[in-house]
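One structure is given below, encoded as structure tokens.
Bear in mind that the values in this text are calculations on the coordinates, not laboratory data. It should be emphasised that the depicted structure is a prediction, and the values quoted were computed from it without experimental measurement. Positions of Cβ are generated from backbone atoms using ideal geometry, with glycine treated the same way; all protein chains shown enter the neighbour counts.
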Amino acid sequence: MDSDLETLRAVFASRVQFAKITVEEALEDTRKEHRNVLDWVRSSSQREGSFCWYCDAFDLEADAVRRAIKERRA
């Protein structure tokens, strides 16, 4: 339960911090995060926390997930 409470606290703190910023700041943060996520998806890294690492953990084919993302964005 302790880790669950820590996770809930982190989520709550993140939401409160987000509520404190302006719409313009939120949009810029979102743009940066989007670029970072696209770089993460494109990476072929196998290290813990990488896109490929998650795909392996969930028994997903990384290239198939990438294609699905690309199709959705088109």
Going by how many other Cβ atoms sit within 10 Å of their own, how do Ser43, Ser3, Ser14, Ser50 line up, fewest first?
Ser3, Ser14, Ser43, Ser50
Does region 3-43 classify as rounded, prolate or oblate by the C-alpha gyration tensor (a ≥ b ≥ c root eigenvalues; a/c under 1.5 gives rounded; else a/b over b/c gives prolate, otherwise oblate)?
oblate
What's the longest bit of the chain with no exposed GluC sites (Glu not before Pro), using DSSP loop states and at most 16 other Cβ atoms within 10 Å as the test?
1-47
Hey, rough spin-label estimate for Arg72 and Glu48, points 7 angstrom out along Cα→Cβ, what's it come to in nanometres?
2.7
Which of the listed residues, Ala26, Leu60, Ser45, is farthest toward the dipole's positive end in the chain, when Lys, Arg count +1 and Asp, Glu count -1 at the beta-carbon?
Ala26
Given Cβ point charges of +1 (Lys, Arg) and -1 (Asp, Glu) and nothing else, what value in debye, to the nearest 20, does the dipole of the chain about its Cα centre take?
400
Once both label points are put 7 Å beyond Cα along the C-beta direction, the Asp4-Gln17 separation in nm becomes 2.5
Could you list Leu5, Leu38 so that the one with the fewest beta carbons within 10 Å of its beta carbon is first and the one with the most is last?
Leu5, Leu38
Quick shape check on the chain: root eigenvalues a ≥ b ≥ c of the Cα gyration tensor, a/c under 1.5 is rounded, otherwise prolate if a/b tops b/c, else oblate, and it reads oblate
